[in-house]
Amino acid sequence: MSGSPLRDRSTGFALLTILLWASLAALTSRVTSVSPLVLVGLVLFFCGAGALPFWRQWRASPKTWLVTITALLCYHLLLFMSFRHAPVLEANLINYLWPLFIILFTPLLLPGHPLQGRHLLAGLLGLAGSVLVMVDGELQLQSAHLPGYLLALGAAIIWGGYSVLSRRLPPAPAVVTAAACLPAGLLALLLARGLEGPLPLATIPSGDWGLIMGLALGPMGAAFVTWYLALRDGDPRRIGALAYLTPLLSTLLLVWLNGETLTLRHVLAGSLILGGALLGLKTGSAKLKIPSPKVAANG
């Protein structure tokens, strides 16, 4: 049983990870000189390159590699694309339905965790929050932004499903999750080269290069390690509850950095999504450990 110093340290690592994750949407939305596919490729490539010094620990089954690479590529591609086709603040809130999908997918995909009434209520709260994000003050769907909303919803579904299914994968060291970013990034860049033509690397402004490196080092780099250290010694249920501070901090950061407008509708939507996630988290049994998307390859 972990002592108080270990609990405090794990909580500190968890809070650091949350701060890193909260910057993902704000940083991503400020890079406009390249397509979402090129951006995903560059960020994942540099993130994976950071794991090269630890190549001796890249021990994982082919199934783990395949699932992790696919999930990393598809999730981040859909998420980054959603930021181009919908207001970043709203797309970001919809993306943070992934904790609810973890809650709802767990009884469906993992034996021994039946669906309870509170799970359904949690899902309904999250659904209500996402609907509130997608409508205007007159409760009319903002059809102009529908593609972006659907992309963000797809990203949330992928990450929620991957996080649950990863528990059925053979265990692997934490660094494998970061290492999987390297082939995922290369694949994204190859797709961009084939679909969009030559990569516009020479025309990327220095400011955007700084943001790309910041994304690779922070919310899609160091966060892998800090979240693993948080879960190693801490209670996953307690740390999982802390993780739901991420959408709140991310939204506030967007408002501050990007000049987004925070309305009562966004506050209510965020409260519903956050409340649903916390309600679903409290219903988990003592044996259930909700995996993080950042270390889901650990099994």
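Could you give the nm distance between label points at L186 and Q142, where each point is 7 Å from its Cα heading toward the beta carbon?
About 4.0 nm separates the two model spin labels.
Taking 0.36 nm per intervening residue step and subtracting the Cα-Cα distance, what contour gain separates A202 from L268 on full extension?
19.4 nm
Can you work out ³J(HN,Hα) from phi for every residue in the range 152-160, in order, using Karplus 6.51 cos²θ - 1.76 cosθ + 1.60 and θ = phi - 60°, giving whole Hz and x for Gly and Pro?
Taking θ as phi minus 60°, the curve returns 5, 5, x, 4, 5, 5, 4, 5, x Hz for the range 152-160.
Between rounded, prolate and oblate, where does the range 9-59 land on the alpha carbon gyration tensor, with a ≥ b ≥ c its root eigenvalues, rounded for a/c under 1.5, else prolate if a/b exceeds b/c?
Numbers: a/c = 3.98, a/b = 1.16, b/c = 3.43.
Here the range 9-59 falls in the oblate category.
Grab the beta carbon distance between T261 and L150, set R0 = 22 Å, and tell me the FRET efficiency rounded to 0.05.
Values: r = 22 Å, r/R0 = 1.02.
Plugging the Cβ-Cβ distance into 1/(1 + (r/R0)^6) gives 0.45.
Run the accessible area of the range 129-216 with a 1.4 Å probe and give the carbon-and-sulfur part as a rounded percent. Before the final figure, lay out the partial values.
Details: 2790 of 3990 Å².
Accessible surface attributable to carbon and sulfur in the range 129-216 totals 70 percent.
Could you compute the FRET efficiency for A128 and L15, with r as their C-beta to C-beta distance and R0 at 41 Å, rounded to 0.05? Present the calculation step by step, with values, prior to reporting the outcome.
Numbers: r = 28 Å, r/R0 = 0.69.
That gives a FRET efficiency of 0.90.
Can you grab the distance from the C-alpha centre of the range 30-75 to the C-alpha centre of the range 240-274, Å, no decimals?
27 Å
Indicate the gyration tensor shape class of the range 80-197 (rounded, prolate or oblate), computed on the Cα atoms with a ≥ b ≥ c the square roots of the eigenvalues: a/c under 1.5 is rounded; otherwise a/b larger than b/c is prolate and the rest oblate.
Details: a/c = 3.03, a/b = 1.06, b/c = 2.87.
Taking the square roots of the gyration eigenvalues as a ≥ b ≥ c, the range 80-197 is oblate.
What ratio of Cα Rg to 2.2 N^0.38 Å holds for the range 27-123? Display every interim value, and only then the final one.
Details: Rg = 17.2 Å, N = 97, 2.2 N^0.38 = 12.5 Å.
Normalised Cα radius of gyration, the range 27-123: 1.37.
What is the gain in length, in nm to one decimal, between L252 and A49 on full extension, counting 0.36 nm per residue of separation less the C-alpha to C-alpha distance?
Working: separation 203, 0.36 × 203 = 73.08 nm, distance 3.08 nm.
Once the chain is fully extended between L252 and A49, it gains 70.0 nm.
The values are calculated or read from the model by the stated rules, or taken from the named source; none is laboratory data. Bear in mind that the values here come from a model prediction, so they are computed numbers and not experimental data. All Cβ positions, glycine included, derive from the backbone under ideal geometry; neighbour counts span all protein chains shown. Heavy atoms of the whole protein, side chains included, go into the accessibility calculation; ligands, DNA and RNA do not. Shrake-Rupley method; radii C 1.70, N 1.55, O 1.52, S 1.80 Å.
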